[in-house]
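Have a look at the structure below, then the notes.
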Amino acid sequence: KIAVDQNGAVDDLGLTAKRFTSPESLDAVHRLRRDSDAVLVGVGTVVRDDPSLTVRRVDLPNGRPQPLRVVLDPTLRIPPASVLLHDGYQTVIFCHPTSLLSPDLEQAISGAGTRVQLIRVSPSSPHISTSDEKGMGGMG
C-alpha cells in the first residue's frame, strides 16, 4: 500500500509529516496488516513518522499476533526511542554487517529483550549474521 498526494508525491518532506490518507483508506491498510504476517518499511519511514505498524483500526482475530515489523536500515539510523523498539511487539531490523551500533541503540535493543532482532546482511554474501551471534539476543 502506498499513499500519494494529488501530485503523485509520497511525502512533501516538510518539517512535519502530514497525513493525507482518508479514514476509509486507513481502515483498508489495517485490514491488509491484519491479513499479513509482516509489514516492511525502510528506515526513512521510521525516522520520519515513528510508526507502530500494528493493527489498530480493525479487530485482530483471537490468537492472531500483530504482524512482524521489518525495517530495512543499512546504516542503523533507527532512532533509539522509536515506538518499534519499545511497544512489546516483534521487530526485525536488517542492516549492513559493518554498521556501527550506537550505545543508545544497543541499549534500546537490549532492553527490548527477544522482541527486537538485529540481523546483519551483506549484499555480497548469502550468510545472515543474527544479533544472537553478536551477543544481542534473538527472537526467541
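The values are calculated or read from the model by the stated rules, or taken from the named source; none is laboratory data. Since the model is a prediction, treat every value here as computed from it, not as a measurement. Methodologically, a virtual Cβ is constructed for each residue, glycine included, from the backbone with ideal geometry; neighbour enumeration extends over all protein chains shown. In case anyone asks, the SASA skips ligands and DNA or RNA and just uses the protein heavy atoms, side chains included. Shrake-Rupley method; radii C 1.70, N 1.55, O 1.52, S 1.80 Å.
Determine the sum of side-chain charges near Arg57: Lys and Arg each +1, Asp and Glu each -1, restricted to other residues whose C-beta is under 10 angstrom from that of Arg57.
With Lys, Arg at +1 and Asp, Glu at -1, the net is +2.
Going highest first, how would you order 64-72, 101-109 by mean Cβ packing within 10 Å?
Taking the mean over residues of other Cβ atoms within 10 Å, the ranking is 64-72, 101-109.
Got a number for carbon plus sulfur as a percent of the range 40-115's accessible area, 1.4 Å probe?
On the range 40-115, the fraction of accessible area on carbon and sulfur atoms equals 56 percent.
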